[in-house]
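Everything on this sheet refers to the single structure shown next.
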Amino acid sequence: MKTNHIIEAQQFSREWLEKELFPLADEMEKVARSKGSNELSGKRMVSFFYEPSTRTRLSFHMAMDFLGGRVVFSTENAREFSSAAKGENIEDTIRILSGYRPDVIVLRSDKEGMAKTATEYSKVPIINAGDGSGQHPTQALLDLYTIKKEVGKIAGISIAMMGDLVNGRTVRSLSYLAGKFSGIKIYYISPETAKIKDDIKDYLRRHGIWFEETNDIRKVAGLVDVIYQTRTQKERGTSVAYAKDDFCIVNKEVLDLMKKDAIVMHPLPRNDEISKEVDKDPRAAYFRQAENGLYIRMALLKMILAG
Ligand code: CP
């Protein structure tokens with residue numbers, strides 16, 4: 001599969017993940033742990049972020065650096081520190097950015113669909129680094145890579161995806177991507193006010209993927225291989241109200257219910273939805289997960305830019 005724009009999780013095939021991306025990410029870890037390489041020497045990245053980021057932005061920059069390429073322009077707050085502040089729209093912004101001929105644009109947008117719109121106006125590949133409450137495809141790639149590394153397989157596993165499922169883009173992308181593997185079971189855990197949207201449920205039904213919804217992680221903690229926790233997306237402007245019988249946190253009580261070889265994941269940043277007491281448990285995989293983002297993003301940049 002030729003990699004060009006990276007916009008949504010549905011665009012990837014299981015075969016490409018298993019035979020191309022994951023093995024290359026393994027190689028990239030070795031490159032990052034040694035001196036790096038010059039494979040992307042002469043290649044230029046623009047990273048244009050309309051929303052704050054620590055992991056995605058820095059790991060893309062580090063990925064470029066480890067492969068010998070350059071980040072020639074970056075903004076972490078394009079609404080304030082670019083001509084978006086003067087009212088310039090995304091279409092014109094992308095025409096201008098891509099007209100200066102970088103080799104790739106990494107774009108985090110604050111509105112669903114903006115990354116896809118950008119592809120219509122760009123002369124160079126666009127990587128969607130999160131578009132509002134739409135998708136975060138590179139996060140889903142590193143999430144599945146983490147599951148493969150930590151659990152040893154993806155097909156046939158059970159995942160509990162929990163938290164603000166109505167606003168969270170990572171669970172949307174991960175649902176699409178995990179659904180490519182046979183025998184996956186997904187439990188969605190959320191309060192009534194933050195349930196996963198119908199478009200994802202329709203997709204899962206159409207593709208024969210088993211899922212169930214509940215409001216208490218304790219009911220399923222002992223059944224799953226992965227608990228994928230997410231935070232409330234306060235920046236989306238909607239509030240998530242919890243009822244008395246909702247239980248959507250990961251703490252010692254939940255750890256005690258989990259299988260010995262299950263893992264806890266989180267795209268981060270976290271607030272208080274995973275207690276700090278969980279961090280010292282070897283099943284807490286979220287910091288290893290974030291590190292895997294570097295290797296996956298190095299692999300993606302190499303695929304898009306090398307040769
Ligand atoms: N997981 C993630 O996208 O984190 P950042 O917002 O820090 O990039």
_For Ser74, what residues show an amide H to amide H distance below 5 Å, using hydrogens built from the backbone and excluding near sequence neighbours?_
Ser47
*So how tilted is helix 22-33 from the main axis of the chain? Cα-based, degrees 0 to 90, rounded to 10.*
70
*With θ set to phi - 60° and the Karplus curve 6.51 cos²θ - 1.76 cosθ + 1.60, what are the ³J(HN,Hα) couplings of region 67-72 in order, to the nearest whole Hz, using x for Gly and Pro?*
9, x, x, 10, 9, 8
*Taking the Cβ of each residue in Ile189, Ile94 as the centre, tally the other Cβ atoms inside 10 Å and list the residues starting with the fewest.*
Ile94, Ile189
*Can you give the calculated 222 nm mean residue ellipticity of the chain, where each DSSP H run of n ≥ 4 adds -39,500 (n - 2.57) and the sum is split over every residue, rounded to the nearest 500 deg cm²/dmol?*
-10500 deg cm²/dmol
*To the nearest 10 degrees, how steeply does helix 90-99 sit against the main Cα axis of the chain, on a 0 to 90 scale?*
50
*Taking amide H positions as placed in the peptide plane 1.01 Å from N, state which residues far from Gly132 in sequence (5 or more) or on other chains have amide H under 5 Å from it.*
Ser109, Asp110, Lys111
*What residues have an amide H closer than 5 Å to that of Ile209, excluding those fewer than 5 places away on the same chain, when H is modeled at 1.01 Å from N in the peptide plane?*
none
*Within 10 Å of each residue's Cβ, count the other Cβ atoms and sort Thr193, Thr56, Thr93 from fewest upward.*
Thr193, Thr93, Thr56
_Ranked packing of 32-39, 124-131, most packed first, by mean Cβ within 10 Å_ = 124-131, 32-39
_With +1 assigned to the C-beta of every Lys and Arg and -1 to the C-beta of every Asp and Glu, and no other charges, what is the dipole magnitude of region 137-289 about the Cα centre in debye, to the nearest 20?_
480
*asked:* Through the Karplus equation 6.51 cos²θ - 1.76 cosθ + 1.60, θ set to phi - 60°, convert the phi angles of region 193-205 into ³J(HN,Hα) values in whole Hz; use x for Gly and Pro.
replied: 6, 9, 6, 4, 6, 5, 4, 6, 4, 4, 4, 5, 4
_Shape call, region 137-289: gyration tensor on alpha carbons, a/c limit 1.5_ = rounded
*According to the square roots a ≥ b ≥ c of the eigenvalues of the Cα gyration tensor, what is the shape class of region 265-307, taking rounded for a/c under 1.5, prolate for a/b larger than b/c otherwise, and oblate for the remainder?*
prolate
*In region 240-307, which trypsin sites (Lys or Arg not before Pro) fall in coil by DSSP and have 13 or fewer other Cβ atoms within 10 Å?*
Lys244, Lys259, Lys260, Lys280
*Residue among Gly152, Gly183, Gly134 with the largest mean-square fluctuation in a Gaussian network model of the chain, springs linking Cα atoms under 10 Å*: Gly152
*So what's the gap between the Cα centers of region 179-235 and region 5-80, to the nearest angstrom?*
28
_Spelling out what I want: for every residue of region 146-161, take phi, set θ = phi - 60°, compute 6.51 cos²θ - 1.76 cosθ + 1.60 (Karplus), and round to whole Hz; glycine and proline get x._
5, 4, 4, 5, 8, 8, x, 7, 10, 4, x, 8, 10, 10, 9, 9
_For Asn215, net neighbour charge (Lys/Arg +1, Asp/Glu -1) across residues whose Cβ lies under 12 Å away_ = -2
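Each reported figure results from applying straightforward, stated rules to the coordinates on display, with no laboratory input. Since we're looking at a predicted model, the values are computed, not measured. Because the Cβ atoms are built from the backbone with ideal geometry, glycine has one as well, and the counts that use them run over all protein chains shown.
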